[in-house]
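The values are calculated or read from the model by the stated rules, or taken from the named source; none is laboratory data. Model, not experiment: these values are computed from the prediction. Heads up, the Cβs are rebuilt from the backbone with ideal geometry, glycines too, and the neighbour counts pull from every protein chain shown. Keep in mind that these areas ignore ligands, DNA and RNA; they rest on the heavy atoms of the full protein, side chains included. Shrake-Rupley method; radii C 1.70, N 1.55, O 1.52, S 1.80 Å.
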Amino acid sequence: MTHELLRGDRWRSLTADHEKLRVYSDDECFTTGLNAAYDVLGDDAARIVQQHAVLVIQPDCIAGRQVERCLDLVRRQGFEPVHAIRFRFGPEQTHGIWRYQSNISTPASQRIADEVCGKGDSLLVLFRDTTPAPVLPASLRLSDFKGRSDPAMRTERHLRTVLGAPTCLVVLVHTPDEPVDVLRESAVLLGPRTRELYAAIVKPAADDLAAHVEALYAESEPHDLDLGAAWDRITSSITDPTLERVRAGEKLDWSWFTGVLSAAGLDPLGWDALLVGSEHIEHDLAGVPRLVDRVSVESWTNGDAVLLRTAAGSPG
């Protein structure tokens, strides 16, 4: 049976990509998120979700002590924090979030992503878009501001650039792209706590973001997240011609690298190792297309999707 929020053309308020919706139709987390939003927000769920975005502040952002700056930059874009939930990425969560993109990832890329995201607790922050006359859903506007994972595909305006995200896998923050992704990914990350996210929209509770940040900092070791400095620290302990070739541009064998670090008494899964690995491994499998492509801003502005008007006196 078709869900009430997807009947007829109503799906176009959640995504501009009908093929993505078809792929998600068999995804239990999407169904869980869709049901949670509808149960809490009712028939107006699509419009309300359009007005909200999710930002995941990852352990690398926390280690780099960039959380306050990140939150300030997002606020300056017209996003107001509504609620925050601490959670821990496990392999299930990293696979679940990127399952439709990571089919092109090499095993080494997936292992490093698991390690980066699983280094400590993350903070999921729900934001409300305060833009007076929005032309995009909040999630897509925030995702566009965030910038791509590849530093070469970002500009100076992007959040990840300003925060100094150094590589394709040490990217500091994550955001779901469209309302349909907010529904699915929130359920992936929060599981049974998903309803809490939508309940906070209806009945906002006092939420001390500063206290969350202070606690996360207290529980984690700071790191400079400087790729050059990481290389220098590693090569001051290890002299190996293979490392010299890798630094010059040769691809890195992650299993070999972690073995060499362990033999030298260095942490094979520490931030220095993850920085070097995430920069120099082979990231993608050749000739494999992603299961779901990234949505474009233009797909929402050219009429493929529908932005719903905000009703007076209602949430969002």
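How about the range 159-210: which of its residues are in contact with a Cys (Cβ under 8 Å, 6 or more places away or on another chain) and part of a helix (DSSP H, G or I)?
Initial filter on the range 159-210 (in contact with a Cys (Cβ under 8 Å, 6 or more places away or on another chain)): 159, 163, 172-173, 184-185, 187-188.
Hits for the range 159-210 are Leu159, Leu163, Arg184, Glu185, Ala187, Val188.
Touching a residue at least 40 places away in the same chain (Cβ under 8 Å) and either closer than 24 Å to Arg69 by Cβ or not in a loop (DSSP other than H, G, I, E, B) (or both): which single residue out of Glu244, Glu221, Glu214 fits that description? Give the derivation first.
On the way: Glu244 fails: touching a residue at least 40 places away in the same chain (Cβ under 8 Å); Glu214 fails: touching a residue at least 40 places away in the same chain (Cβ under 8 Å).
Going through Glu244, Glu221, Glu214 in turn, the sole match is Glu221.
How about the range 238-285: which of its residues are in contact with a helix residue (DSSP H, G or I) (Cβ under 9 Å, 6 or more places away or on another chain), hydroxyl-bearing (Ser, Thr, Tyr) and either open to solvent by 40 Å² or more (accessible area, probe 1.4 Å) or farther than 14 Å from Arg111 by Cβ (or both)?
Step one: list which residues in the range 238-285 are in contact with a helix residue (DSSP H, G or I) (Cβ under 9 Å, 6 or more places away or on another chain), which gives 238, 240, 242-244, 246-247, 249-258, 260-261, 264, 266-285.
Narrowing further to those that are hydroxyl-bearing (Ser, Thr, Tyr): 242, 255, 258, 278.
Correct list: Thr242, Ser255.
Please specify each residue of the range 206-223 satisfying the condition of being within 30 Å of Val49 (Cα to Cα) and open to solvent by 90 Å² or more (accessible area, probe 1.4 Å).
Ala206, Asp208, Glu214
Residue under question is Arg141, and the condition is that it be among the basic types (Lys, Arg), assigned to a helix (DSSP H, G or I), touching a Gly at 6+ places or on another chain (Cβ under 8 Å) and in contact (Cβ under 8 Å) with a residue 40 or more places away in the chain; does it hold? Lay out the reasoning, then the answer.
Working: among the basic types (Lys, Arg): yes; assigned to a helix (DSSP H, G or I): yes; touching a Gly at 6+ places or on another chain (Cβ under 8 Å): no; in contact (Cβ under 8 Å) with a residue 40 or more places away in the chain: yes.
Considered against the rule, which asks whether it is among the basic types (Lys, Arg), assigned to a helix (DSSP H, G or I), touching a Gly at 6+ places or on another chain (Cβ under 8 Å) and in contact (Cβ under 8 Å) with a residue 40 or more places away in the chain, Arg141 comes out as no.
Results for (1) in contact (Cβ under 8 Å) with a residue 60 or more places away in the chain; (2) open to solvent by less than 50 Å² (accessible area, probe 1.4 Å), shown as yes or no for each residue.
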{"residue": "Arg157", "(1), (2)": "no, no"}
{"residue": "Val171", "(1), (2)": "yes, yes"}
{"residue": "His174", "(1), (2)": "yes, yes"}
{"residue": "Ser186", "(1), (2)": "yes, yes"}
{"residue": "Arg195", "(1), (2)": "yes, no"}
{"residue": "Tyr198", "(1), (2)": "yes, yes"}
{"residue": "Ile201", "(1), (2)": "yes, yes"}
{"residue": "Pro204", "(1), (2)": "yes, no"}
{"residue": "Leu225", "(1), (2)": "yes, yes"}
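Which of the residues belonging to the range 254-289 are outside any loop (DSSP other than H, G, I, E, B), more than 12 Å from Leu243 (Cβ to Cβ) and β-branched (Val, Ile, Thr)?
Thr258
Does the range 88-97 include one or more residues that are closer than 21 Å to Leu34 by Cα, in a strand (DSSP E or B) and either of a type outside the set (A, V, I, L, M) or under 15 Å from the mean Cα position of the chain (by Cα) (or both)? Give the derivation first.
So in the range 88-97, the residues closer than 21 Å to Leu34 by Cα come out as 92-97.
Still in the list and also in a strand (DSSP E or B): none.
Checked against the condition, which is being closer than 21 Å to Leu34 by Cα, in a strand (DSSP E or B) and either of a type outside the set (A, V, I, L, M) or under 15 Å from the mean Cα position of the chain (by Cα) (or both), the range 88-97 yields no hits at all.
Yes/no per residue for (1) touching a residue at least 12 places away in the same chain (Cβ under 8 Å); (2) more than 25 Å from Tyr198 (Cα to Cα); (3) surrounded by fewer than 21 Cβ atoms within 10 Å (Cβ to Cβ):
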site	(1), (2), (3)
Pro81	yes, no, yes
Gly90	yes, no, yes
Gln101	yes, yes, yes
Thr106	yes, yes, yes
Ala113	yes, yes, no
Val125	yes, no, no
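Which numbered condition in (1) without any contact (Cβ under 8 Å) to a residue 40 or more places away in the chain; (2) crowded, with 19+ Cβ neighbours inside 10 Å is the only one that Ala230 fails?
Unmet condition: (1).
Considering only residues that are aliphatic (A, V, I, L, M) and within 30 Å of Leu136 (Cα to Cα), look in the range 286-296 and name the one that is surrounded by the most Cβ atoms within 10 Å (Cβ to Cβ). Steps first, please.
Narrowing the range 286-296 to residues aliphatic (A, V, I, L, M): 286, 288, 291-292, 295.
Remaining after also requiring within 30 Å of Leu136 (Cα to Cα): 291-292, 295.
On the way: Leu291: 14, Val292: 17, Val295: 21.
Going through the qualifying residues, I end up with Val295.
Can you tell which of Gly8, Gly33 is open to solvent by less than 10 Å² (accessible area, probe 1.4 Å) and either not in a helix (DSSP H, G or I) or not aromatic (Phe, Trp, Tyr) (or both)? Before you say what the answer is, go through the steps one by one.
On the way: Gly8 fails: open to solvent by less than 10 Å² (accessible area, probe 1.4 Å).
Gly33 is the lone residue from the list that is open to solvent by less than 10 Å² (accessible area, probe 1.4 Å) and either not in a helix (DSSP H, G or I) or not aromatic (Phe, Trp, Tyr) (or both).
Which ones in the range 25-60 are more than 26 Å from Ala113 (Cβ to Cβ) and touching a Gly at 6+ places or on another chain (Cβ under 6 Å)?
Ile48, Gln51, listed by residue number.
Determine which member of the set Leu308, Leu266 is out of contact with any Leu (no Cβ under 7 Å at 6 or more places or on another chain), of a type in the set (A, V, I, L, M, F, W, C) and free of Cβ contacts under 8 Å to residues at least 40 places away in the same chain.
Working: Leu308 fails: free of Cβ contacts under 8 Å to residues at least 40 places away in the same chain.
Result: Leu266 is the single residue among Leu308, Leu266 that is out of contact with any Leu (no Cβ under 7 Å at 6 or more places or on another chain), of a type in the set (A, V, I, L, M, F, W, C) and free of Cβ contacts under 8 Å to residues at least 40 places away in the same chain.
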